[in-house]
Amino acid sequence: MSFIDTKRNPGLSITSVCVYCGSSNQALQPFKQLAKDVSTALAQRKMRIVYGGGHVGLMGIVADAALEAGTKVIGIIPEHIRAQEVQHMGLTELHVVPDMHTRKRMMVERADAFVILPGGMGTLDEAFEILTWKKLKLHNKPVVLFNAYGYWDHLVALIDHAVEQGFEQPSVRAYFKVVTDMNSMFAALESQEAPPMPPITGRM
Ligand code: AMP
């Protein structure tokens, strides 16, 4: 059962958004502001936030902003990094799980869509996992890459490179939307449709 009254989200089928983002406190201030603005905007649309459960870096900012704006925040954190990522003590729900794989699976299960903010290796891992799971048809939920200040330009270029070199099919580009502002983010979350099934070729 959804925590959110979907009637308050007319025309929008998503009520729960998983936010992937960096855990580093050293992130530059514009990225911290972005995390706050994105989370506040999602909360104002009555969307529940699902994230990694920590109180560090952009993750902590996302959680604090969403709680402050009055929405529910679900954190999922593995036992062995509770101290490292400073488990958030004020969440609506905090699930302590045995390992990273359980965390990542639960985050995917509990979200209707995914927003990827700037982050480091962990965020990259999560971004690629959600895209490869989409490619493997393990889910078909919207994935939005928030390319603030060109942070993800290299990632987009790398995926284009993989297509150009024959390691990915062009259809992979339909698995995610790249946005640079809040309105585009909501448009992508609201409009994204299931990508066409990739053709089965000798390469696959
Ligand atoms: P980062 O982008 O590296 O700051 O990490 C962001 C989030 O990804 C944090 O919650 C990390 O716990 C998580 N993370 C870090 N390393 C990994 C990994 N190897 N696999 C999956 N998640 C990770």
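The values are calculated or read from the model by the stated rules, or taken from the named source; none is laboratory data. Keep in mind the model is a prediction, meaning the values are calculated, not measured. Heads up, the Cβs are rebuilt from the backbone with ideal geometry, glycines too, and the neighbour counts pull from every protein chain shown. Please note that ligands, DNA and RNA were not included when accessible areas were found on the heavy atoms of the full protein model with its side chains. Shrake-Rupley method; radii C 1.70, N 1.55, O 1.52, S 1.80 Å.
Here's how it looks for Gly52: its modeled amide H is under 5 Å from those of Ile76, which are all 5 or more places away or on a different chain. Placing a pseudo-label 7 Å from each Cα along the Cα-to-Cβ vector at Glu190 and His80 gives an inter-label distance of 4.3 nm. Phi angles across segment 101-114 convert, under the Karplus curve 6.51 cos²θ - 1.76 cosθ + 1.60 with θ = phi - 60°, into 3J(HN,Hα) values of 5, 5, 4, 5, 5, 5, 4, 5, 4, 8, 10, 8, 7, 10 Hz, Gly and Pro given as x.
Assuming R0 = 22 Å, what is the FRET efficiency of Ser13 and Phe128, from their Cβ-Cβ distance, to the nearest 0.05?
0.30
When the surface is traced with a 1.4 Å probe over the full set of protein chains, Ile76 keeps roughly 0 Å² accessible.
Near the amide H of Lys72, within less than 5 Å, lie the amide hydrogens of Ile49, all on another chain or at least 5 residues away, with H placed in the peptide plane.
Measuring nothing but protein heavy atoms, the accessible surface of segment 66-154 at 1.4 Å probe radius is 57 percent carbon and sulfur. Accessible surface computed residue by residue for segment 66-155, with neighbouring protein chains in place and a 1.4 Å probe, gives 48 Å² per residue.
Which FRET efficiency value, to the nearest 0.05, is calculated for Glu164 and Gln44 with the Förster distance at 45 angstrom and r the Cβ-Cβ distance? So the FRET efficiency works out to roughly 0.70.
I need the shape label for segment 1-137. Rule: rounded when a/c is under 1.5, else prolate if a/b > b/c, else oblate, with a, b, c from the alpha carbon gyration tensor. Rounded is the answer for segment 1-137, as its axis ratio a/c remains below 1.5.
Work through the residues other than Glu109 whose Cβ is under 15 Å from its Cβ and net out their charges, Lys, Arg +1 and Asp, Glu -1. Neighbourhood net charge equals +3. Legend: residues His139, His95, His161, sorted from most to least accessible area (1.4 Å probe; ligands, DNA and RNA excluded), read His161, His95, His139. For the chain, the mean residue ellipticity at 222 nm estimated from helices alone is -11500 deg cm²/dmol, where every DSSP H run of n ≥ 4 contributes -39500 (n - 2.57) and the total is divided by all residues, rounded to the nearest 500.
Extension gain, Met89-Lys137: 0.36 nm per intervening residue step, less the Cα-Cα distance, totals 13.8 nm. Note on segment 86-149: semi-axes of the ellipsoid equivalent to its C-alpha gyration tensor, largest first and rounded to whole Å, are 20, 16, 12. Cross-link pairs exceeding 20 Å in C-alpha to C-alpha distance, out of Lys46/Lys141; Lys46/Lys104; Lys135/Lys177; Lys46/Lys137; Lys72/Lys134, comprise Lys46/Lys104; Lys46/Lys137; Lys72/Lys134. Straight Cα distances below 17 angstrom link Lys36 to the aspartates and glutamates Asp64, Glu68, Asp181, with same-chain residues fewer than 8 positions distant left out.
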